[in-house]
Amino acid sequence: MDLKPTSTGWTLALTVLLALGLSLAPLPVQFRPIPSLRQDEGTLGPKLVALVLPASLRGKKARPPPDALAPDSAPAAHPESESSAVAESAAPEGPDAGVAPAAVPGIGLEDLSAPTLASALELEALRERMGARHVDIELNCRKARADGTCEEDGLAPFTRALGELRADARRTPVRVVHLGDSLVASDYITDVVRERLQERFGSGGRGFLYIHRLAQAGRATRAGTASTEGWKMERLVDTNWPKDRVGWTGVAFSTSGPAQGTRYALDGARVAELYFLTQPANGAVQFAVDGKPAQRIQTRAIASKPEAAFARLTLPEGAKTLSLLASGKTELHGVTLETGAPGIVYDTVGLLGGMAEVYLRAQPAAFRAQLRHRKPSLVVLMVGGNEAFFLSRERTTLDEVRTQMTALVARVREATPEAACLVLSPIDAGVRTMSGELVTRRHSAEVGQIFREVAREGGCAFYDTLAAMGGEGSALRWLEAGLLLEDLVHPRVRGSNLLGHLLDLALQRAFARRHAPLVNVEDDPGLQNADPSLAGTFAKLHRRESGEALRVGIAQLGASHTAAHIFTDAVREALAKRFGDAGRGFISAGKASPRLDAGHVVRAMTGPWTVEDAKESPPGGIWGLSGTRAVGAPGASLSIQFCKDCPAGDAPAGRLDVYAVDQPGAGALEVTVDGEPVPAEAPPPEPLTAPTVRIRSFPVTGLGHTVRVSVPEGGGSATVLGAALEYERPGIVYDAMGLPGATAFTAKAMDATALDTQLAARRPDLLVYWYGTNEAGEEGLDAAALHQDYTALVSRMRRATGAECLIIGPTDRLRQDATGRWTEAPSLAKVLATLPQVAKDAGCAYWSARAAMGGERAMQRWQRQEPPLGLTDGVHLTQTGYERLAAAFVKDLMSAYDATNKKAEPTARAGGP
Amino acid sequence: MLSHSLQYLAFVIAVFAAYWAVHRHYAARMFVLLAASVYFYAVFTPFPLLIFLAGVTVDHLLVKGMARTDSPGTRKLFVVLSIVSNLGLLAGFKYLELLRKTAVSLLAPWHIDVRAEPFHLLLPVGLSFYVFQAISYTVDVYRGKASAEHSFFEHLLYMLFFPRVVSGPIVRASELMAHFREEPTLSPDDGARALFRVAVGLVKKLIIADVLGSGIVDPVFGSPHAYSSAECAVAAVAYTLELYYDFSGYSDIAMGVAALFGFRFPENFARPYLAKNLFEFWNRWHMSLSSWLRDYLYIPLGGNRRSKPRVCFNLMMVMVLGGLWHGADWRFAVWGGVHGVALCAVRCWWWFRGKTSEPGPVRVALGMLATFTLVVLTRVVFRAPDMTHAAEFYARMLAGVPGLANVAPLVWGMIAVAVAAHALPLKLYELSAELFVRMPVPVRAVALVLLGLGIRHLSTMETRPYVYLQF
């Protein structure tokens, strides 16, 4: 070699030798230029090759397989065996652990409200696309029996507390304290979990909030709004963290000069509590509610050293804001806001750069005092991402990670032995390598495994977030799909929402597995036994939809849910939109009612009328289809106006029927249609010994019509039952015939001949029965009698009309005792058990309104919705509630109809030419 | 295998040893360099090597054709064929998709169908640099500024020479190919300076650029709405610095490695953010590209020697095309266009008010500030993935949201280092280089290992590819 380049060559050679020597020498890792060459981990040769040869020449795929990355392709398949193996290896409880099958009932979506369910289903679709998975929480064991079997699983205190909330047997909130890193700081993941838990179990308030937001920009979460700029903020993640002062809340907000203020929106909170530090210096905090001074507390310590302390303030009802003004030398840690009512309070503390070691920096006494004071039912630990990062930088070791997490879990368990704890594994992340390739960040799985073991040993439950996300390599798929930020570590909002969705459902499944149903009856959602019970109706609807000029009649009988007309109006509108509108159908004779306004029907009565109803009368007697009758003295008149304010122009031919009673000694009725008197009808055949139903029919043209019935002077009283309007055009006629407070027994007790005659005149193809809610409220209901009478009623009416039938089960009926506690209506379980049997025996389809509402304690959730869906009586629904239930009914009915059509299609085609 | 990776350093050491072992033999040293260059490129992706091989073959035949004919028309035809074939490569692999998308959006109102599916063409790494360098050679031969007597393998090595093949600098034939036949030399001082240059490049890239990139630029540009206006402004400044330290760091490594083999590349940067006006900025920024655009586009268009409107047109044309050279996206044309408008404005100012030969310190400061501000603001378009994103970034930056909580102390520190390193007198750099050169070999090795340790501790884990690799 030429001498001239020798000097440079020697420099290079010595540099390489020195770098290799230092890397292999027994030096602390920070002094090794190439730490991956450590002697204690495998042989040197392959490591050197890996160091020198590019990845593409080593046969390693730096990126995930193309099928996982191609934007238009489905996500990589994840064999079931793989996920099962993960669960089995860590779940001693066998069937409890494992991977829930995707998109099947039981993944935890059951009792979400419609809007939340809609967004949850979108996230489910996203989960499918991304290859993310439903992974069950590994419950582990927090308390073992003497024989080694598990007495209490790791989540038991939490699921038990949720059960108490569900049963309304708890007067205090269920608190969750969720500690974590930057994934928690943005609050997106926890927001999803919080909102859904609060929707299911009620809200106990906003929970723990910082004095001021930790970052000037970004999402304003979980903090007050500082009215001054002089707060000094010190965090456990800072290089100079606040030593020996801060607990799990992680951040100290201190003042030492001019007074500093902050403000909170109360959002219905009735109790506020300040978390602060007492210290040997003068300081005070003045509370103000809606600007008016309230309590003032001194923060000076009685003890010689600083201690975590708390000050509670009861807030007046309706208060809007709470302000704090700290003067002197103070250190505040945060404020909790709670409603004081039972419900979920979900505290989140997320520190950017948070890890187990960071939370261990908290003063142990303050950590314990603050956590005990909070009385959480569950503590969630969501760290690990930064541990994995530091491992990849060799700034920490697996042993250190294990030690620190073990210490944190122990500290949490020691501080709140009665609380459950849940450890989450870190999520998957990516890095760009020295050669610019995107690869999976190492160590996430290792840290996750350590956390799994630490959780098991510490008696905590464990959730494998990494597996739920889709396993190692999923971060790169998430990046491609725009669910991960370009930093390859932090999920974007949609990604966070998906993680929150998966965690929430995992919690929900864990709760469902441990929760004994309050009503121990199978109450399945959806339309049951539609095939073959509704075959004729569906066939006729299909012919109608195929263009045949058919009328399809549906008559719904029931109690107040039907009498309210909101449900039936919504169902009628939906069906008419698809199959055509053939008229309003039957309206019972009665007083003016705003419930009919939405259907453009107006009733009016003048003169001496008495409206009688069947449930307050002795058995027997002629009643209208709704179980009422209007008895008018001479001189009285009533009118029923159909289609008020309907647009002119469309003038279909139609038929207006008037239902009345011929009885001995009764006066002849004078009828006008649209103001025109109609000829008097021939008197009833003589001799008339018993009342009979007379149905008179008048041809009409146009949409809107008014029928007026008058009882002439000088005669006897007369009874009117109702009127019906139909158009001679193809479509649906949906009759609503409800009597508030009625039961199946009420209907059964009415004169059968008269009722069946009227019902047959309505020419129904389908009879819908919605009794049961009132039966559920009866103490000591005779279920056998209900079964017998209801079956007989339905069978009889079916014979009289030739119609098919569908029975709707009761809504979720609750009652409130003197202490304010809600419990199930006394006979709800009996009704829920009996009605499906009635449907089966009478050959009817069955649809559970309670299951459609969300099942167990759905009424409470419907009451809590905004706007409310359930009324405070625990029985009835609001207008929005009935409309939402009707939408669910139509959806299930039409799904069954479409499924029937789909099934019939191949047969039809096969039979064709 | 990026040039700041350990694999690359190992590769360079191996090639260095082989090259100097045979450097006295022309064929052997050519073989070493050519084989190393082919290997280096093939590690990225081998397929484009066939394209380059075909391109060099065509160009070589045309160059030989020019050498064998005296007919000006034929020579012109050959050079035009060379330009067309090279630009055809660029258009086909780089701009076809852009043209398709543009045609789809422009012709949609007239219901004219254009292919809806993307072409999915692979953009060969370094194609833009390859094409410009190829054109420079054939045009130089046509102009008589470069020799046509080089062999095919010399031509091929000139185009594929590994220190510069992926991201330049664009080297003229006179600066590289002309020296292939000379027996190389490397004095101890030159070798030490080359190593120093590589080390400086690594520091620029791995410490300053990558820390700024991953510390603030990526997160803020990724979701500007999550940051305050001040943080967006800091991110824009940080990106401006990142881009300089990234590309000049790469250039330093390329020049240092080339120098280890006895080749001297022209400088690519001359502290551009100290420019007092935009013309000076472009004379200091990516100088190999700027001078190419000047020599092969601006001057052929007429340069400054035409009417004033034509000069402005020429400036606009050069800047818009120069912008588009960076990427197949109209935002690069917008970025170049804005610079073109600004250059025209400066030119007009000089025409109407006269150019001050020796401006005072206040004027210098104002000029530097205005130039830097314009560069920072236009960098947003350069960095953002699309114009919508850029608009969102500008909107956020101007929203007046205060706060700098998300700017980490390390980022502040690195911005300070970046500014200081940019502004410090060149003499300090030269003194440092001299100190390194004068070190005994073992001390120099210790210094390099310490530097490596420092880089290991200060750099980010998420080592990022060079920004200009995408161009």
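When you look at A:Leu315, is it modelled with pLDDT of 90 or more, open to solvent by 50 Å² or more (accessible area, probe 1.4 Å), in contact with a strand residue (DSSP E or B) (Cβ under 9 Å, 6 or more places away or on another chain) and not basic (Lys, Arg), yes or no?
no
What pairs can you find where one residue is in segment B:248-268 and at positive phi, the other is surrounded by 23 or more Cβ atoms within 10 Å (Cβ to Cβ), and their Cβ atoms are less than 6 Å apart, with a gap of 6+ or different chains?
B:Gly262/B:Leu186
Residues in segment B:163-174: is at least one in contact with a Leu (Cβ under 9 Å, 6 or more places away or on another chain), surrounded by 22 or more Cβ atoms within 10 Å (Cβ to Cβ) and not in a loop (DSSP other than H, G, I, E, B)?
No, segment B:163-174 has no match at all.
Results for (1) open to solvent by less than 10 Å² (accessible area, probe 1.4 Å); (2) of a type in the set (Phe, Trp, Tyr); (3) farther than 30 Å from A:Glu199 by Cβ; (4) touching a residue at least 60 places away in the same chain (Cβ under 8 Å), shown as yes or no for each residue.
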residue: A:Arg799; (1), (2), (3), (4): no, no, yes, no
residue: A:Cys805; (1), (2), (3), (4): yes, no, yes, yes
residue: A:Ala818; (1), (2), (3), (4): no, no, no, no
residue: A:Lys830; (1), (2), (3), (4): no, no, no, no
residue: A:Tyr846; (1), (2), (3), (4): no, yes, no, yes
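Which count do you get for residues in segment B:94-153 that are at pLDDT 85 or above and either assigned to a loop (DSSP other than H, G, I, E, B) or in contact with a His (Cβ under 9 Å, 6 or more places away or on another chain) (or both)?
So the count comes out to 12.
Among (1) at pLDDT 95 or above; (2) under 21 Å from A:Leu498 (Cβ atoms), where does A:Cys460 come up short?
Against the list (1) at pLDDT 95 or above; (2) under 21 Å from A:Leu498 (Cβ atoms), A:Cys460 comes up short only on (2).
Okay, residues lined up against (1) surrounded by fewer than 17 Cβ atoms within 10 Å (Cβ to Cβ); (2) out of contact with any Pro (no Cβ under 7 Å at 6 or more places or on another chain); (3) outside the structural domain of A:Gly558 (by TED's automatic domain parsing):
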residue	(1), (2), (3)
A:Arg763	yes, yes, no
A:Tyr769	no, yes, no
A:Thr773	no, no, no
A:Gly809	no, yes, no
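Kindly provide the set of residues from segment A:826-874 that are at pLDDT below 95, in contact with a Pro (Cβ under 8 Å, 6 or more places away or on another chain) and not in a helix (DSSP H, G or I), ordered by number.
A:Gly855, A:Glu856
When B:Val376 is evaluated against the numbered criteria (1) under 20 Å from the mean Cα position of the chain (by Cα); (2) surrounded by 18 or more Cβ atoms within 10 Å (Cβ to Cβ); (3) over 27 Å from B:Phe93 (Cβ atoms); (4) not basic (Lys, Arg), which criterion, by number, is the only one it fails?
Condition not satisfied by B:Val376: (2).
Does A:Val345 satisfy the condition of being open to solvent by less than 40 Å² (accessible area, probe 1.4 Å), in the same structural domain as A:Ala419 (by TED's automatic domain parsing), at pLDDT below 95 and not in a loop (DSSP other than H, G, I, E, B)?
No.
Regarding segment A:120-134, can at least one residue be identified that is closer than 11 Å to A:Arg509 by Cβ, modelled with pLDDT of 90 or more and not in a helix (DSSP H, G or I)?
Yes, segment A:120-134 has at least one match.
Has segment A:193-210 got at least one residue that is within 14 Å of chain B (Cβ to nearest Cβ) and either surrounded by fewer than 23 Cβ atoms within 10 Å (Cβ to Cβ) or within 33 Å of the chain's Cα centre (by Cα) (or both)?
Checked segment A:193-210: at least one residue is within 14 Å of chain B (Cβ to nearest Cβ) and either surrounded by fewer than 23 Cβ atoms within 10 Å (Cβ to Cβ) or within 33 Å of the chain's Cα centre (by Cα) (or both).
List every residue pair whose Cβ atoms lie under 8 Å apart, where the two residues are 6 or more positions apart in sequence or sit on different chains, the first residue falls within segment A:766-778 and is farther than 15 Å from A:Leu793 by Cα, and the second residue, located anywhere, is assigned to a strand (DSSP E or B).
From segment A:766-778, the pairs are A:Gly777/A:Arg815.
Checking B:Val234 against (1) more than 12 Å from B:Arg164 (Cβ to Cβ); (2) touching a residue at least 24 places away in the same chain (Cβ under 8 Å); (3) open to solvent by less than 10 Å² (accessible area, probe 1.4 Å): exactly one of these is not met. Which one?
Here B:Val234 meets the rest and fails (3).
List the number of the failed condition for B:Lys308; all other conditions in (1) modelled with pLDDT of 90 or more; (2) more than 23 Å from B:Ala134 (Cα to Cα) hold.
Here B:Lys308 clears every test but (1).
Scan the strands (runs of 3 or more DSSP E) fully inside segment A:607-717 and keep the ones with 2 or more residues being in the same structural domain as A:Asp597 (by TED's automatic domain parsing) and crowded, with 19+ Cβ neighbours inside 10 Å.
A:609-613, A:628-632, A:637-642, A:653-662, A:692-701, A:705-710
Can you confirm whether A:Leu877 is surrounded by fewer than 18 Cβ atoms within 10 Å (Cβ to Cβ), out of contact with any helix residue (DSSP H, G or I) (no Cβ under 6 Å at 6 or more places or on another chain) and within 11 Å of A:Thr811 (Cβ to Cβ)?
Considered against the rule, which asks whether it is surrounded by fewer than 18 Cβ atoms within 10 Å (Cβ to Cβ), out of contact with any helix residue (DSSP H, G or I) (no Cβ under 6 Å at 6 or more places or on another chain) and within 11 Å of A:Thr811 (Cβ to Cβ), A:Leu877 comes out as no.
Select, from A:Thr465, A:Thr537, the only residue that is open to solvent by less than 40 Å² (accessible area, probe 1.4 Å), of a type in the set (Ser, Thr, Tyr) and not assigned by TED's automatic domain parsing to the domain that holds A:Leu197.
The conditions single out A:Thr537.
Please determine, by comparing only the residues of segment A:352-380 that are surrounded by fewer than 24 Cβ atoms within 10 Å (Cβ to Cβ) and within 19 Å of A:Tyr188 (Cβ to Cβ), which one is nearest to the chain's Cα centre (by Cα).
A:Leu352
Scan segment A:254-284 for residues that are in a strand (DSSP E or B) and closer than 22 Å to A:Gln363 by Cβ and report the count.
Summing the residues that are in a strand (DSSP E or B) and closer than 22 Å to A:Gln363 by Cβ in segment A:254-284 gives 10.
Any idea which residue in segment B:1-14 is farthest from B:Leu186 (Cα to Cα), counting only those that are free of Cβ contacts under 8 Å to residues at least 60 places away in the same chain and either more than 7 Å from chain A (Cβ to nearest Cβ) or crowded, with 22+ Cβ neighbours inside 10 Å (or both)?
Looking at residues that are free of Cβ contacts under 8 Å to residues at least 60 places away in the same chain and either more than 7 Å from chain A (Cβ to nearest Cβ) or crowded, with 22+ Cβ neighbours inside 10 Å (or both), I get B:Met1.
Here is a check on your reading of the model: is B:Val417 within 11 Å of another protein chain (Cβ to nearest Cβ), at pLDDT 90 or above and surrounded by 14 or more Cβ atoms within 10 Å (Cβ to Cβ)?
Spelling it out, it is not the case that B:Val417 is within 11 Å of another protein chain (Cβ to nearest Cβ), at pLDDT 90 or above and surrounded by 14 or more Cβ atoms within 10 Å (Cβ to Cβ).
Check off (1) at pLDDT 90 or above; (2) closer than 30 Å to B:Ala235 by Cα; (3) not aromatic (Phe, Trp, Tyr) for B:Val407 and give me the number that stays unchecked.
Going through the list (1) at pLDDT 90 or above; (2) closer than 30 Å to B:Ala235 by Cα; (3) not aromatic (Phe, Trp, Tyr), B:Val407 breaks only (1).
If I ask for residues that are touching a residue at least 12 places away in the same chain (Cβ under 8 Å) and hydroxyl-bearing (Ser, Thr, Tyr), which ones from segment A:502-547 would you list?
Hits for segment A:502-547 are A:Ser533, A:Thr537.
Could you check B:Ile83 against (1) surrounded by 16 or more Cβ atoms within 10 Å (Cβ to Cβ); (2) farther than 25 Å from B:Phe332 by Cα and say which number it fails?
The single condition B:Ile83 does not satisfy is (2).
The values are calculated or read from the model by the stated rules, or taken from the named source; none is laboratory data. Worth saying up front: this structure is predicted, and the values here are computed from it rather than measured. Note: ideal-geometry Cβ built from the backbone for every residue, glycine included; neighbour counts use all protein chains shown. Accessible surface is based on the protein model in full, side chains and every heavy atom, while ligands, DNA and RNA are left aside. Shrake-Rupley method; radii C 1.70, N 1.55, O 1.52, S 1.80 Å.
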